Structure formats: C-alpha cells, structure tokens
Amino acid sequence: MFNFSKLPLKAKLPLIMVALTGTFLVTVAFLVYTMAERSIRKNVYAAHEIEAKAGAQALDFLISSAQSNLASQAAQPTVFRAISNFSRVIGMIEEDDPIAYLKRTFAQENPNPADQRDLLTDPGDETYYTQSHVSYHPTFQRAVELNGYEDLYLFDAEGLLIYSVKKLDDFASSFATGELAETSLGKLLAEAMTAEAGQVVLSDFSLYGPAGDAPSAFFATPVFNKRNQVVGVIAARLGSTGVLQALTKNLEDSGYQNIYLVSEDGLARSPSSSGDHFKVLDMLPELPQTLAARNREPVHFDNVPALAGGEATALVMPLDLPGFSWSLVLETNYEAAFAGVKQIRLTALALIGGAVVIAILVSLFAARRVTTPIQALRAATNALAENDYEVDITGKSRGDELGDLARSLDSFRDKLKQADEAAAREVQAARQTAAVVEEMSGALAQLQSGNLACDIEQPFAEHYETLRENFNRSLTNLRESMSEVVGASEHVGRFSDEQSAAADEMAHRTESQANTLEQTAGALRDLTTGIRATADSASRMDKAMSDTRNQAENSTEVVESAVGAMDQIQETSKEISKIINLIDDIAFQTNLLALNAGVEAARAGSAGAGFAVVASEVRALAQRTSTAAGQIQELTNASETHVANGVSMVGQAGAALSSIINQVSEVSNLVSEIAEGVQKQSGGLENINSAMHELDSVTQRNAAMAEEASASSQLLQNEAQTLSGIVSRFQLGQGLNTAAEPEGWGDPAENSDEEWDRSAYL
C-alpha cells in the first residue's frame, strides 16, 4: 500500500507542487471551459434564433407581398381591361372551337419546352386574341418574375381560364365544372367569386395535376368593373421553390443546417433545404421537433435526432401567417454547431498538459534546490552522530530557514565538541575517584574486621590527599579511645558485683509483696470485669452517638446541597437570560450583515462572487445561532432538573432527622446499662482499698533497699558519663575532637557528696 509519509522530501515536494498546480490549472481550465461553452451555446442559440426569424420574416414578406400585389393588380384598370378583352376576343376567333384553338396554339403546339411556354408571346396567327396577348403578356410575365409567382391566372365570370403566363394544361379550361373544379384552384375560384373587393383568399399547398402534381399554393381575388360587378378573378400560384428561397435566404451555404416548414397535419410544407431528404407534402417522422411543430410549440431542443441523420440542435418557431398554420423548424448539426466547444476543450487539455509538464520540470528544479542543501545538512548530521567534528557544514551563508538550520547545526557541533572534551575530563576524574574508593574500601574492610592498625600509606591524588590524612588521624584517635574504654570497663565490673548482692535482698522482700499483690490482683480482676462491661456499653454508646453525629452531618450536607442547588438554579437562570440577550444581538447583527453582503454582491456583479460567499458564511453563522438557541433550551431543562433534585434532597433531610431521633433513644438505654456497671465496680474498689494498706507497709521496707540501689546506680552513672566523654571525641561529618581525661578518674567514692556507708542501708 502506498505510504506518502515514507517518500523522501525530494519526491514529496514535486508531487505536492504538481498536485497543487494541476488542481489549480484543472479548476481554472474547467471554469474557463464552462464559461466558454456556455457563451458559445448562447451565441449558437442566438444565431439560430436570428436565422429562423430571418427566414420567417422573408417567408412572411413573400406571402404578404403576394397577397398585397395581387390585390393591387386586381384594382388596376389594366387587369379589368385584360379580362374584358380576352373574354371578348375569344369569341372573335374564326374557328369551330375557339377554346381548342387556343390550347393548340399556345400550349400543345408551343415551340418551347413545357416549362418555358411563357416565352411564346406572338404565335403569328394575327388573331384578336394574339393581339391582346402581345399587349398584356409582358406585363403579367414581369409580375410573375417580380413577385416570385409560379404562374398568374385570369378567369372570366363563368370560371373560364382565359389567360395564364405559363400556359399549362389547364389553359383555356373551365374551372366551374369538371375535374378542375375539384382542384384547390377550382375551389379557391368559387370562393373568390363571392369575396369582397380587395379581399385575397388563399389555399395551402396541395398537389396540382396540371402543373405535373407540383405542390402549389394559390392566391385569388375578384376583379370588379366600375359598376362594382365581378367580371372575373385574378389568381397566382406559389410553388415550393419560392418558399425555400425565402427560408434559406439568410442561411450559410454550409450544408450543416436544414430549415423547413411543418403543418398541423404533420406534412412538410417546404422541401429539405439540405439534401433531398423529403419533399413538400411528405409525412415527416415523429421526432421531438416535428411533434412540437405540429402542436405549434415554440421550443429549442439541444440534442435530438435530425431528419438528415445524426444529432442536431432544433429550433421550432410557430409562424403567424394568415391562412396558414405552419411552424418553422431549423436543424443544425450538433458537431458543426459546437465545433468551437470541441476546439476549446482540446485547447484546454493541451494547455493543461503543457502546464503540468512545465510544473513538473519547475517542481523538480525547485525540489532539487531545496533538497540538495537538506541532504548536505543530513550528511553533516550523520557525521556529527559519528563524532566527526571536522565535517564541513555548507549553507551557513544562506538567508532562508536552511541557512538558519546550518548555522544552528554549526553551533551545535561546537557545543558537542566541548561536551566531549568535558566528558573526557570527567572520565579521568572518575578513574581517580575509583582508585581512591578502592583503597578506602580495603582499609575500611580491615577496620571492620577489628584491625585498628590499617593506616593508608600510599599517597592519593592531590585533591584526595586530605581524605587519606583524615582517615589516618581518625584511626590514631580511635586506638587511644579504645584504650580508655578498656580501663572504664574494669571499674564498671567492680561496681556490678556490689549491685548484685543488693538485688538478692530485694528479691526476698519482693516475694512477700507478691502475695499481697495477688489479692490485689483478684480484686482488680473483678474491677476489670465491671469496667470491661462498662467499656462495652460505652463503646456501643459511642458508636450510636457516632452514627447519630454522621446522620446529623449528612442531614446538614443534604440541606446545604439543596440550598446550593437552588442557588445554582438561580445562577443558571441569570446565565440563560444573558445568553438569550446575546443570541438576540448576534441574530440581529447576522441578518444585517447578510443583507449588506447580498446587496454588495448584487452591486458588484460577477466581481462580487466573494461577497456572495461571505453572505453564505454569514447565513451559516445564523444557523449556528439557531443551534445556540437550542442549547439555551437544554440549559432551561437542566434548571428544571436542579429544582427536582432540590426537592428530593429536602425529603432526604427529613428522613435523616427522623433517624437521628431513633439513635438518641438507643443512647439513653445504653447510659442506663453503664450506671449498673458502675455500681458493681464500687464493691471491687473496697477490696482494693484494704489491699493497698498492706502494700504500703511493704513499700516502706523496700525504701531502704531502694536507697542502696540508688547509691550503686549513682556510681554506675559516673562510670557511664566517663565512657560517654570518651565516645564524644568522635564527630560524624566533622573533624575529630580530642577530649581531656575526666577529673576524679581514681576512686569513685571521691565524686560523691557524702561518705558512702553501705552498713547504713543493711
């Protein structure tokens, strides 16, 4: 298992620096990346919204322009005259079937391709219809080009298509009856015939057969004469190409965006702008964006399947177009839209990697600069541990902590060297002391065995020579004292014989005294028995009294505890009041501080993030204040507990006082027993009185013997004093004292104040 603490410092420092640097760089990079990603996403979404709005505006302009231009054209005299002229000249065609002639001339036999039949202006038949066509066709042709129409139609009041720009298969056909009446244009024509002047009716995209089943939307408005009568209808066909051009007008031709229209029925109302993925009126798959478009819900999807495949962001924007329930959908390839985010991510990773490599190199360099002098100091320390005081300590000139350590180590080396030198001197002194101790031990061993002639002849070291001389002088004084002790012992022996004879006489008289004492002993035994009984009773009384005293003391302690508990409750209540006031102040100041911090953070904006942190910490402080309030509640509960304890202790005091009363009663009984024992003791005391008279006479006879013994004791005392004087010459812990020979060392009787006459005591 990896243990960081066991790594050397040269490895720890780079690891710590790399970890700190890496953490800082990763944090900064993450924050920058997050902010950049958020900004890019915001810009991408904003750009998509702008592009969608531009497409919607272009489409709205297309539809609105088509409606307004068609209404404006219907009000022009040119259109009225064209419908009137075309209706009139058709009947002037000198053919069996004028309608069939017109279809054959302008459509079926048109020298231009089917999609370019509008290029034929004059077929050269010099009919009145051709003359009118030459006059009006260029005007209507320009109107188609300018307004983005696919075709422009003129109908007479009977529903006959008397003119069209493109001359498709529906030219010169009746829309009042037949298959054309059921087309979207036919239905719109019938609706336009009943519309008001200036009102434009329209139909949504549908397949139009005469145009090769091309998806087409139609606009139509009635044309009135001066008598406000409907003379015909002017209509325009709008194809998907114009719609697609309007939608993609402001899009970049990058291929990673797809814009299209979806109706409430789920059918596409415009082709795919990117690739041939679907056509107009195709049923679109049920994707989140298409379902939202069908429901006309404005929404922005971040990552959804695209109709063109892959993942995409999708913006759904319902359109407000009169007569159309369309919603615009803008799909953008997800990877292409957020390629900048990916680039930023790669750049951030590269920068972090480079920064980490640089941090590692810098850390290794810094670690080497730090660990090299440390290793040198470690080598010097190891050398000092091996008593190498000549080692060179480097780094003493540094101004940092390592320099301080080197200088301290240098000072420590000097002190170690001095300590070793002092230790060497102490070893030498110890050797000298050991030699002296050995010599003294040998001499003392001989002295212990009784050899008083064990003088030390070998000289000691200079500072121990005084010890040897004192020892030798002590031996000399000891030999002299022992000689005097021997003489005193002979005198003590002589006086001891005389004391022995007196002791024999004392023994005989003591036998008589013993008989008398025996009687006294019997009386004393009786007295002892009575006293013992009294003592037992007194002991029990003492025990009872002691128990009573303890109970009283306990009662006192209980009462004092109750009082102390009540005092403690009072003090606790005071402390609670102080704490409550303090908490109120803290809560007020905390709320005020949090408010100020929040205001300052709001004013500072992004730079006030620190203030926001302060506000958060202050709110945490408010939470801790609430916790303190809970602690106050606990103190209150503790006060209630103290009150209960006080009540309990008062009850204990009452029980203790009751016990004291019972103990006092027991003491009274014991006192009675003691009185009876005292009466018994009085009889024994009478016997003791008679025995004492006998002991008195014996005591007088022994007095003379006591005086004789006293005289002998006095002599022995004198001899003892002499011996004491001899011994006092020796002083423990001090120099030896030499005492003079006591006076009157001759006959002991000379020291007595009176003549010693033994016969007086016999």
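Couple of notes before you dig in:
- The condition of being closer than 21 Å to ASP169 by Cα and assigned by TED's automatic domain parsing to the domain that holds ALA220 does not hold for THR127.
- Qualifying residue in the stretch 172-179 (condition: touching a residue at least 12 places away in the same chain (Cβ under 8 Å), over 24 Å from ILE90 (Cβ atoms) and surrounded by 16 or more Cβ atoms within 10 Å (Cβ to Cβ)): no
- Residue match in the stretch 169-184 (condition: assigned by TED's automatic domain parsing to the domain that holds ASN112, closer than 19 Å to ALA71 by Cβ and part of a helix (DSSP H, G or I)): no
- Residue match in the stretch 283-295 (condition: more than 54 Å from the chain's Cα centre (by Cα) and not in a loop (DSSP other than H, G, I, E, B)): yes
- Filter result (part of a loop (DSSP other than H, G, I, E, B) and either without any contact (Cβ under 8 Å) to a residue 24 or more places away in the chain or out of contact with any strand residue (DSSP E or B) (no Cβ under 7 Å at 6 or more places or on another chain) (or both)) within the stretch 185-197: THR194, GLU196
- So VAL243, is it outside any loop (DSSP other than H, G, I, E, B) and more than 30 Å from GLU158 (Cα to Cα): yes
- Inspection of the stretch 311-332 finds no residue satisfying the criterion of being under 21 Å from VAL44 (Cβ atoms), without any contact (Cβ under 8 Å) to a residue 12 or more places away in the chain and polar (S, T, N, Q).
- Residue list for the stretch 203-229, filter: closer than 28 Å to THR78 by Cβ, touching a helix residue (DSSP H, G or I) at 6+ places or on another chain (Cβ under 6 Å) and of a type in the set (S, T, N, Q): SER203, THR221
- Helices (runs of 4 or more DSSP H) enclosed by the stretch 65-156 - at least 1 residues per element that are under 27 Å from GLN199 (Cα atoms) and in contact with a helix residue (DSSP H, G or I) (Cβ under 8 Å, 6 or more places away or on another chain): 77-90, 128-147
Rundown of residues vs (1) outside any helix (DSSP H, G or I); (2) under 37 Å from the mean Cα position of the chain (by Cα); (3) modelled with pLDDT under 90; (4) under 30 Å from SER184 (Cα atoms), yes/no style:
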site: ASP302; (1), (2), (3), (4): yes, yes, yes, no
site: LEU315; (1), (2), (3), (4): yes, no, no, no
site: ILE358; (1), (2), (3), (4): no, yes, yes, no
site: SER363; (1), (2), (3), (4): no, yes, yes, no
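- For the stretch 157-166, filtered to residues that are touching a residue at least 40 places away in the same chain (Cβ under 8 Å) and under 15 Å from SER132 (Cα atoms), the residue that is nearest to the chain's Cα centre (by Cα) is VAL165.
- Positions within the stretch 391-432 being farther than 19 Å from ARG378 by Cα and surrounded by 14 or more Cβ atoms within 10 Å (Cβ to Cβ), in sequence order: GLN432
- Number of the condition not met by CYS454 [criteria: (1) surrounded by 11 or more Cβ atoms within 10 Å (Cβ to Cβ); (2) outside any loop (DSSP other than H, G, I, E, B); (3) of a type outside the set (Gly, Ala, Ser)]: (2)
The values are calculated or read from the model by the stated rules, or taken from the named source; none is laboratory data. Owing to the predicted nature of the structure, the values given are computational and were not obtained by experimental measurement. All Cβ positions, even for glycine, are placed from backbone atoms using ideal geometry, and neighbour counts span all protein chains on display.
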